[in-house]
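Q: Take a look at the following structure, please.
The values are calculated or read from the model by the stated rules, or taken from the named source; none is laboratory data. Computed from a predicted structure; not experimentally measured. Virtual Cβ from ideal backbone geometry, glycine too; neighbours counted across all protein chains shown.
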Amino acid sequence: MGMMSFISDIFKPAAKLIDDIHTSDEEKLQLKARFQEIENQLQLKILDYETKLMEAQKDVITAEATGQSWMQRNWRPITMLTFLVLVVCDSFGILRFRLADEAWTLLQIGLGGYVVGRSAEKIVPQFMKRRDERARG
């Protein structure tokens with residue numbers, strides 16, 4: 001479950017509670033609008049946090065990729081290629097042993113992190129630009 005749906009799920013009971021309150025429709029609408037505003041602010045803060053986290057991760061990877069040491073620049077690709085070779089060998093039964101489930105999980109995390117990181121590098125600047133445009137006008 002994503003963080004945004006988690007936040008929405010938190011506010012659903014409150015919205016239902018507003019519907020059950022014995023008050024005027026106008027007051028119910030005002031309360032719902034206020035809850036929606038709070039939910040939107042919380043989601044925006046979470047997006048800001050995730051953006052900063054991705055930027056920090058990008059900075060680390062950029063620093064590694066532009067580092068002076070050959071090992072510093074290449075340890076991530078070497079690690080992922082090693083796991084890829086192990087997976088291929090495991091799939092064809094070449095290994096004398098079977099890979100543990102944890103090895104598969106590690107590979108999924110590594111590949112997923114690389115793909116998500118590369119996607120975030122492209123998406124986050126566009127998102128931030130649109131958000132800044134909305135804030136200005």
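Q: Pairs only if they're at least six apart or on different chains, beta carbon under 9 angstrom, first in segment 91-108 and within 17 Å of Thr79 (Cα to Cα), second in a loop (DSSP other than H, G, I, E, B); list them, first residue then second.
A: Note: pairs meeting the criteria are Leu107/Leu99.
Q: Looking only at segment 31-43, how many residues end up being farther than 22 Å from Ile21 by Cβ and free of Cβ contacts under 8 Å to residues at least 12 places away in the same chain?
A: Going through segment 31-43 one residue at a time, the tally reaches 1.
Q: Select, from Asp90, Asp59, the only residue that is at pLDDT 80 or above and under 30 Å from Leu47 (Cβ atoms). Step through it out loud before you land on a result.
A: On the way: Asp90 fails: under 30 Å from Leu47 (Cβ atoms).
The unique qualifying residue is Asp59.
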